[in-house]
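Have a look at the structure below, then the notes.
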Amino acid sequence: MTSTLPRLSGIAGIALVLSACATVPDSPATSGPVTVRIVGLNDFHGNLEPLNRPIRLVETGGQEKRVYAAGAAYLASAVEQTRTQSEYSLVIAAGDLIGGSPLVSSIFLDEPAIGAMNRLGLDFNAVGNHEFDRGWKELKRIQQGGCEKNTLREPCVVENPYPGADFQFLAANVKMPDGTTLFPAYGIKRFGAEENGGANEVSVGVIGLTLEDTPTLVTPSGVAGLTFAPEAATINALIPELEKAGVDAIVVSVHQGLYTEVGYNDKSCGGVSGPLVEILKQVDPRVDLVISGHTHRAYVCDFSTIDPERGFLVTSAGYGGSMLTDIALTIDPALGEVIAAKADNIVVQSVGTDRDGNPARPDPAHTQYEPDPEIAAYVARYVAASKEAAERPVGRISGEARDPGPATEETPLGNLIADAQLHGTREAGAQMAFMNNSGIRTGLAPAADGSISYGDIYAVQPFGNTLVTMTLTGTQLLALLEQQFDDEGFVQTFSPSQGFALAYDMSRPVGSRVVSVALDGQPIDTDASYRVTMNSFLAAGGDSFTVFTAGTDVVTGPLDLDAMEEYLRAVPIRQLPSVGRVTDVTPE
């Protein structure tokens, strides 16, 4: 199943024309409608292995069930089975293939996630915000291949040299300083047989882009020099260019998404919300299909129920390769346009185990896929390489630290991380530490004796951030804490270290919602200076916490995971901290 697509250069602003992979039929060409099968993917996040917990499915009727799903080898089989339903097909992803990944992929700079997608036959991927986690120069290497070192981790540990992506990243709204795009704005895939008169020749144009707010979601140094243009305006500017190129269908793959209140395959868009709604209301109606992502939700939304002038479908396949979207575009070559479209989300049911470690019973309502043997062997190679690092014990904790929950919620796990960061930077003079809850990717579930492995803590914080300690005045500190709120309420709250106390009142105006702040029982003095620790993502102004960029006497410390390991090892059993460091005093 290794992809046969050619290696493509990152030249911006051009149409990439790929030859069809399908076999040319022996029968004479006809002028009838042609069906192009499109497999939609999004937010894979390097999940090479099946998810370790079942996914929650809400059916169209509202009933809920849980199914074990995902894994690159299972996803590949599901993709192949879907593609074979039509003579012409392509696979399109809407970003976050990499970044925020499990250890088996992330510790190797997500090279195996790209290798799996090469073998799966991916054609295009629109860049997502997580593609920029390690900076745009490293993303260029991920596309092009090679072993240039752009991060603290070593590249090419398992595959040397790393071969790069056989598919093309697209970045229509990501501009370099010279005005060109970081990667091509769009690609074109042509299908058909010219030697048979070309009567059935059809072509699909794919515009790929990320959300305009990407710079607020990644370490600013990783996108330095880049500008991110508005989504709708970028799409609309490219429509005439694609029409001039003679495409019959226009697909937008965008790393931005929706929320709905209906089942994963309900086409009604019931309870639809999210930033993508207003973006799509501005998009040229000549768009035929939108493949989306970012929200990790699964939906197939007929957008004409929201805006009758825009009759395209908007799809998303959840998270982690747990689903794919099976999309059929029927194209009339004579008219040069799409005459029908349908889509369904397909659950990639794999093999899982229940809470007792026994094989889980497959859900008969969903196909039980067999793993693709080539990709299974490829994944096993990386699992073996990561096993030694993953299984190394790093300490014990007093109980389970549940999943982090909303970014606005204080949790024992967030407080534990902040405590570890404070402990690890005391020599730099740290008096307090703040952890951004959005950077906590999963919970900590210890073994029966409380033991935690390196793989466990890596899954919680997979980004490879360093710890940074800086000086902020009391006035700056209060301004920083106010940046947790906007007109609608919380942006997100920090998890603070021990000894820190914050009270807030949401009934007060933006900019004055912090009621009180204290350190070790003493109110913050606006005229004093404080040594504050945070991860390198926040230190560069990530998550829009721009006050951090004004800090002085900056000291770069250890990796966040090294600090956590040291903190866990310092005592026989580390007690999970309680919550209550952040208090809501809003009147009822």
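The values are calculated or read from the model by the stated rules, or taken from the named source; none is laboratory data. Just so it is clear, the structure is predicted and the values come from calculations on it, not from any experiment. Positions of Cβ are backbone-derived with ideal geometry, glycine not excepted, and every protein chain shown enters the neighbour counts.
Please enumerate the residues belonging to segment 56-92 that are out of contact with any Gly (no Cβ under 6 Å at 6 or more places or on another chain), under 19 Å from Asn265 (Cα atoms) and among the acidic types (Asp, Glu). Of everything in segment 56-92, just one residue is out of contact with any Gly (no Cβ under 6 Å at 6 or more places or on another chain), under 19 Å from Asn265 (Cα atoms) and among the acidic types (Asp, Glu), namely Glu64. Report yes if Asp284 is assigned by TED's automatic domain parsing to the domain that holds Leu170, closer than 29 Å to Asn52 by Cα and out of contact with any Gly (no Cβ under 8 Å at 6 or more places or on another chain), otherwise no. Against the criterion (assigned by TED's automatic domain parsing to the domain that holds Leu170, closer than 29 Å to Asn52 by Cα and out of contact with any Gly (no Cβ under 8 Å at 6 or more places or on another chain)), Asp284 does not qualify. Filter segment 254-276 for residues that are farther than 17 Å from Thr234 by Cβ and not in a loop (DSSP other than H, G, I, E, B) and give the result. Within segment 254-276, Tyr259, Ser273 meet the criteria. The number of residues in segment 492-513 that are modelled with pLDDT under 95 and surrounded by 17 or more Cβ atoms within 10 Å (Cβ to Cβ) comes to 6.
The criterion of at least 3 residues that are modelled with pLDDT under 95, over 21 Å from the mean Cα position of the chain (by Cα) and farther than 30 Å from Ala384 by Cβ is met by none of the strands (runs of 3 or more DSSP E) wholly inside segment 149-227. Screening segment 494-539 for residues that are touching a Leu at 6+ places or on another chain (Cβ under 8 Å) and in a loop (DSSP other than H, G, I, E, B) and picking the one that is nearest to Gln476 (Cα to Cα) gives Thr526. Being in a helix (DSSP H, G or I) and at pLDDT 95 or above is the filter here; which residues of segment 106-125 pass it? Answer for segment 106-125, where residues must be in a helix (DSSP H, G or I) and at pLDDT 95 or above: Glu111, Pro112, Ala113, Ile114, Gly115, Ala116, Met117, Asn118, Arg119, Leu120.
Scanning segment 243-287 for residues that are among the charged types (D, E, K, R) and more than 17 Å from Thr305 (Cα to Cα) returns Glu243, Lys244, Asp248. Hey, any hits in segment 82-102 for a residue that's surrounded by 18 or more Cβ atoms within 10 Å (Cβ to Cβ) and touching a Leu at 6+ places or on another chain (Cβ under 6 Å)? Yes: one or more hits. Note on segment 126-148: residues that are among the β-branched types (Val, Ile, Thr) and part of a helix (DSSP H, G or I) total 1. Restricting attention to segment 56-84, the residues that are more than 20 Å from the chain's Cα centre (by Cα) and free of Cβ contacts under 8 Å to residues at least 60 places away in the same chain add up to 5. Taken over segment 320-344, the criterion of being of a type in the set (Val, Ile, Thr) and under 26 Å from the mean Cα position of the chain (by Cα) is satisfied by Thr325, Ile327. State whether the residues of segment 564-575 include one that is among the aliphatic types (A, V, I, L, M), under 17 Å from Ser453 (Cβ atoms), buried (at least 20 other Cβ atoms within 10 Å of the Cβ) and assigned by TED's automatic domain parsing to the domain that holds Met470. Yes, segment 564-575 contains a residue that is among the aliphatic types (A, V, I, L, M), under 17 Å from Ser453 (Cβ atoms), buried (at least 20 other Cβ atoms within 10 Å of the Cβ) and assigned by TED's automatic domain parsing to the domain that holds Met470. The condition (being in a helix (DSSP H, G or I) and of a type in the set (D, E, K, R)) is satisfied by just one residue among Asp449, Asp419, Asp403: Asp419.
Per-residue answers, yes or no, for (1) at pLDDT below 95; (2) within 22 Å of the chain's Cα centre (by Cα):
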residue: Pro373; (1), (2): no, no
residue: Ala377; (1), (2): no, no
residue: Tyr382; (1), (2): no, yes
residue: Glu391; (1), (2): yes, no
residue: Glu409; (1), (2): yes, yes
residue: Met432; (1), (2): no, no
residue: Ala445; (1), (2): yes, no
